[in-house]
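Quick notes on the structure that follows.
The values are calculated or read from the model by the stated rules, or taken from the named source; none is laboratory data. As the structure is a prediction and not an experimental result, all values here were calculated from the model. Cβ placement follows ideal geometry from the backbone for every residue including glycine, while neighbour counts extend to all protein chains displayed.
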Amino acid sequence: MKFSIVTLFPEIFSGVFEHSIIGRAVKESRVQINLVNLRDFGIGPHKIVDDKPYGGGTGMVLRVDVLNSAINSVKENEGNEKVAILDARGEVYSQKIAEDFSKLDHLILICGRYEGFDERIKEFVDFSISIGDYVLTGGEIPAMSIVDSTVRLIPGVLSKDDATVNESFSQSEHGRILEHPQYTRPENYEDLRVPEVLLSGHAANISNYKSEESLRVTSKNRKDIKVTTPSK
């Protein structure tokens, strides 16, 4: 899979994709990451990429013509290819979107800056994505999050094929609920003990415990998540 990231600050990404799982995926040629400097498509000798907003307002807005030139420079127009702008007003990013993105051949991510994008750019992209209900100084950190969450879902990137099956927000019989708590050694630390059922070796009881704990944690921490009851 290929990622093309259009940004005014490509140097921000230095080192981020060179280590751990993403770094290994790049070295194994499972993933290709292409950083594109939006300034290269700027207007005139000063390479202008933004302008004052019509109607007034604070700050500057990224120009639609500059943005679309950058998009067209990396578009391959073949295979399964999508373009997403990173915008605080976009659809909130989710595990389901990450799963969909992991099936693409090419994902183009456009990092916002300043006061955002000329609205007309949405006519030339497929998605407008927000990573949460807060505002960042730019789209670079959201782009890193999207690449990270997508790459780990690409088949063969993680050493164990089932590593992404039973974790928070993955599809389960109860919906996209949270993962159950995890424990490891020591069994007893300052009178905080590992639940006995996890030490029992009884597979059915352990499975039931994990399912019940997932539901409990989801109900406690994320009341916005809809829990479904499997039909019998």
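Per-structure values
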| read-out | value |
| --- | --- |
| Qualifying residue in the stretch 58-71 (condition: exposed (fewer than 12 other Cβ atoms within 10 Å of the Cβ) and not hydroxyl-bearing (Ser, Thr, Tyr)) | yes |
| Filtered residues of the stretch 190-220 (kept if loosely packed, with under 11 Cβ neighbours inside 10 Å and under 28 Å from the mean Cα position of the chain (by Cα)) | Lys220 |
| Residues of the stretch 1-35 satisfying the condition of being within 16 Å of the chain's Cα centre (by Cα), in a loop (DSSP other than H, G, I, E, B) and surrounded by fewer than 19 Cβ atoms within 10 Å (Cβ to Cβ) | Val16 |
| The one condition in (1) exposed (fewer than 14 other Cβ atoms within 10 Å of the Cβ); (2) among the polar types (S, T, N, Q); (3) at pLDDT below 95 that Thr164 fails to fulfil | (1) |
| Unmet criterion (only one of (1) modelled with pLDDT of 95 or more; (2) hydroxyl-bearing (Ser, Thr, Tyr); (3) farther than 17 Å from Phe101 by Cβ) for Ser149 | (3) |
| The stretch 89-136, residues that are in a helix (DSSP H, G or I) and aromatic (Phe, Trp, Tyr) | Phe101, Phe124 |
| Criterion: at pLDDT below 95 and closer than 22 Å to Ile225 by Cα - qualifying residue of Glu115, Glu99, Glu173 | Glu173 |
| Residue in the stretch 27-48 that is at pLDDT 95 or above, touching a Lys or Arg at 6+ places or on another chain (Cβ under 7 Å) and basic (Lys, Arg) present | yes |
| Among (1) surrounded by 10 or more Cβ atoms within 10 Å (Cβ to Cβ); (2) within 22 Å of His174 (Cα to Cα) - the single one Glu187 does not satisfy | (2) |
| One residue from Glu78, Glu91 being at pLDDT below 95 and either touching an Asp or Glu at 6+ places or on another chain (Cβ under 7 Å) or in the same structural domain as Lys52 (by TED's automatic domain parsing) (or both) | Glu78 |
